[in-house]
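K.L.:
Handing you this structure, nothing more for now.
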Amino acid sequence: MSPIDALDPKYRLILCDVWGVVHDGVTLYPGATARLRSWRDEGRCVILITNAPRTADAVSQQLARIGLARECWDGIATSGEAGIEALNALGRPVGFIGTRGDWAILERRGVELATGERFTDLACTGVTEDRPNAEDYRSDLERLADREVHMHCLNPDRIVMRGGHIEACAGAIADLYEGLGGRVTWYGKPHEKIYRHALHLAGDPPADEVLAVGDGLQTDILGAARMGFDAIFVSGGIHAGEPFPDDFAERYGLGDWRPVAVVEGID
């Protein structure tokens, strides 16, 4: 029996990652629907927590297209929501790196996007089809760094698996920008704000009643550890079956913290 089949009743809130745990960007993983439903049937609150640079509504629509039933979760917390709030608070036009679809989503939520180069802040949501790698943006990023433009990274993920293929994310662009001396503000896991939002959606339970489930070591697992949550590491996602690193806690100054379980998937 998998450790995930008999969770401690104390876990009143499940913070479940989406991409790499529930689906691969194209197809639902076998057993994901049944697992999410079973957690809710056990009386647990399930919040899907994702570094998608979009709104909760946009993520809900994507999940519906992939085939995940609405009754599988109680709420959705996204890095996009946190970033949009901050961008709107600026009160001025911002530059943009990302897809046309993400441009439209930000505009619908009131973010004023600049069409020229008269901006001091920039929203980064990810790569585009014609420039799929972070290095494709180097010359643009060098000019932005010279101008001291402040980048807002709405997806801290560096890569994801889409249908079995690796795809770069906004975090890879932001890493390169920081390496060029640029200033970056990060939204989403492993940073605190998205977790506070997710906890609020669930009625603010104490940390010892929270279980995080995710496949990203730098995002899902590190974020959970820093928040004082227990976690399950899903090794079959972005890390493709690699074991949990023995030096993880030492590397990040986490004492003797370890995930309560390591599973290949949540089925």
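K.L.:
So which residues in the stretch 186-230 are among the small types (G, A, S), under 14 Å from E81 (Cβ atoms) and in a helix (DSSP H, G or I)?
P.N.:
Of everything in the stretch 186-230, just one residue is among the small types (G, A, S), under 14 Å from E81 (Cβ atoms) and in a helix (DSSP H, G or I), namely A198.
K.L.:
Could I ask something else about it? Have a look at A202, A231, A198, A207 and point out the one that is in contact (Cβ under 8 Å) with a residue 12 or more places away in the chain, in contact with a Pro (Cβ under 8 Å, 6 or more places away or on another chain) and open to solvent by less than 70 Å² (accessible area, probe 1.4 Å).
P.N.:
Among A202, A231, A198, A207, only A231 is in contact (Cβ under 8 Å) with a residue 12 or more places away in the chain, in contact with a Pro (Cβ under 8 Å, 6 or more places away or on another chain) and open to solvent by less than 70 Å² (accessible area, probe 1.4 Å).
K.L.:
In this structure, is D17 acidic (D, E), farther than 21 Å from D204 by Cβ and surrounded by 15 or more Cβ atoms within 10 Å (Cβ to Cβ)?
P.N.:
On the way: acidic (D, E): yes; farther than 21 Å from D204 by Cβ: no; surrounded by 15 or more Cβ atoms within 10 Å (Cβ to Cβ): yes.
The answer is no for D17.
K.L.:
Name the single residue that is most open to solvent (accessible area, probe 1.4 Å) among those in the stretch 137-170 being touching a strand residue (DSSP E or B) at 6+ places or on another chain (Cβ under 6 Å) and either part of a helix (DSSP H, G or I) or farther than 27 Å from G237 by Cα (or both).
P.N.:
Result: H150.
K.L.:
Right, something else. Just give me the residues in the stretch 24-66 being under 22 Å from E167 (Cα atoms), surrounded by fewer than 17 Cβ atoms within 10 Å (Cβ to Cβ) and in contact (Cβ under 8 Å) with a residue 24 or more places away in the chain, in sequence order.
P.N.:
The answer is G25, V26, T27, L28, P30, I66.
K.L.:
If you go through the stretch 103-131, how many residues are open to solvent by less than 60 Å² (accessible area, probe 1.4 Å) and either charged (D, E, K, R) or touching a residue at least 12 places away in the same chain (Cβ under 8 Å) (or both)?
P.N.:
Count: 15.
K.L.:
With a cut-off of at least 1 residues that are of a type in the set (D, E), touching a strand residue (DSSP E or B) at 6+ places or on another chain (Cβ under 8 Å) and within 26 Å of I159 (Cα to Cα), name the helices (runs of 4 or more DSSP H) lying wholly within the stretch 23-117.
P.N.:
Correct list: 100-108.
K.L.:
Right, another one. Kindly establish whether G95 is small (G, A, S), open to solvent by 20 Å² or more (accessible area, probe 1.4 Å) and either more than 17 Å from the chain's Cα centre (by Cα) or modelled with pLDDT under 95 (or both).
P.N.:
For G95, the condition - small (G, A, S), open to solvent by 20 Å² or more (accessible area, probe 1.4 Å) and either more than 17 Å from the chain's Cα centre (by Cα) or modelled with pLDDT under 95 (or both) - is not met.
K.L.:
For the subset of the stretch 177-194 comprising residues that are under 15 Å from G228 (Cβ atoms) and at pLDDT 95 or above, which member is surrounded by the fewest Cβ atoms within 10 Å (Cβ to Cβ)?
P.N.:
Among residues in the stretch 177-194 that are under 15 Å from G228 (Cβ atoms) and at pLDDT 95 or above, the one surrounded by the fewest Cβ atoms within 10 Å (Cβ to Cβ) is P190.
K.L.:
What do you reckon, is D256 assigned to a helix (DSSP H, G or I), open to solvent by 30 Å² or more (accessible area, probe 1.4 Å) and over 24 Å from D175 (Cα atoms)? Explain how you work it out, then say what you get.
P.N.:
On the way: assigned to a helix (DSSP H, G or I): no; open to solvent by 30 Å² or more (accessible area, probe 1.4 Å): yes; over 24 Å from D175 (Cα atoms): yes.
Taking the combined requirement at face value, the residue does not satisfy it.
The values are calculated or read from the model by the stated rules, or taken from the named source; none is laboratory data. A quick note: this is a predicted structure, and the numbers were derived from the prediction, not measured. Please note: Cβ atoms are built from the backbone with ideal geometry, for glycine as well, and neighbour counts cover all protein chains shown. These area figures cover heavy atoms from the full protein model, side chains too; ligands, DNA and RNA do not enter into them. Shrake-Rupley method; radii C 1.70, N 1.55, O 1.52, S 1.80 Å.
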